[in-house]
Amino acid sequence: MAQSPKGGGQNPKNKTRRELARKLVAENRQARRNYEIIDDIEVGIVLTGSEVKSLREGRANIAEAYAREEHGQIVMVNSTIPIYPPAGQFNHEPGRKRVLLVKKREYNRLIGAVEREGRTMVPLELYFGPTGMAKIKLALATGRKAPDKRDVEKKRDWDRQKGRLLRGRG
């Protein structure tokens, strides 16, 4: 394998440096089942020190989380970051609302889509980026009804089965 241009050794499976440096903390697996993802963006998140320490241990839950607009900011609701015991009296509240950092143009686009088109802002992943800052992969999505979910599962199963059949023939 070839060396990466900046040194640093070999690059497995031709991933970019950004993908290699990303450390996933929490993932919302049900989001892709319950929502049709239209667009996604990377946003920052405002955290306290004890929250960052807890995230570095890999402890967080964003399964039931969603984002909404409050007082001119986008906040993430229903996310849980457990307390960090060594922080003692300086700990945080596990289920508090957390402000998301979005550029003004992105903010206007997201809020416009939510208000005009009835979309939902759903966090897909919580991770540490290449600079060590906590990031959220926020998706703009529309909800799926139960029949739609079943159709998506059938199509995914058929595609998987079709891939197995074609692999066996070739």
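Quick notes
- Inside the range 121-170, residues that are touching a residue at least 12 places away in the same chain (Cβ under 8 Å), of a type in the set (G, A, S) and closer than 27 Å to L55 by Cβ make up a count of 4.
- Restricting attention to the range 116-140, the residues that are buried (at least 23 other Cβ atoms within 10 Å of the Cβ), touching a Gly at 6+ places or on another chain (Cβ under 9 Å) and under 14 Å from Y35 (Cβ atoms) total 0.
- Candidates R167, R160, R98 - the one that is closer than 30 Å to E57 by Cβ and basic (K, R): R98
- Verdict on N78 being at pLDDT 90 or above and either of a type in the set (S, T, N, Q) or more than 15 Å from the chain's Cα centre (by Cα) (or both): yes
- In summary, R98 fulfils each of the numbered conditions (1) within 17 Å of A31 (Cα to Cα); (2) surrounded by 15 or more Cβ atoms within 10 Å (Cβ to Cβ); (3) among the basic types (K, R) with the single exception of condition (1).
- The strands (runs of 3 or more DSSP E) located wholly in the range 46-120 that include 1 or more residues which are within 17 Å of K137 (Cα to Cα) and without any contact (Cβ under 8 Å) to a residue 40 or more places away in the chain occupy 73-77.
- Flag if I37 is outside any loop (DSSP other than H, G, I, E, B), loosely packed, with under 14 Cβ neighbours inside 10 Å and under 14 Å from the mean Cα position of the chain (by Cα): yes
- Tally, over the range 135-146, of residues that are over 11 Å from the mean Cα position of the chain (by Cα) and among the hydrophobic types (A, V, I, L, M, F, W, C): 3
- One residue alone among A113, A63 is of a type in the set (G, A, S), surrounded by 17 or more Cβ atoms within 10 Å (Cβ to Cβ) and modelled with pLDDT under 95, and that residue is A113.
- Any hit, the range 150-158, residues being of a type outside the set (F, W, Y) and either at pLDDT 95 or above or loosely packed, with under 10 Cβ neighbours inside 10 Å (or both): no
The values are calculated or read from the model by the stated rules, or taken from the named source; none is laboratory data. Keep in mind that this is a model prediction, so the values were computed, not measured. Don't worry about glycine lacking a Cβ; one is built from the backbone with ideal geometry, like all the others, and counts go over all protein chains shown.
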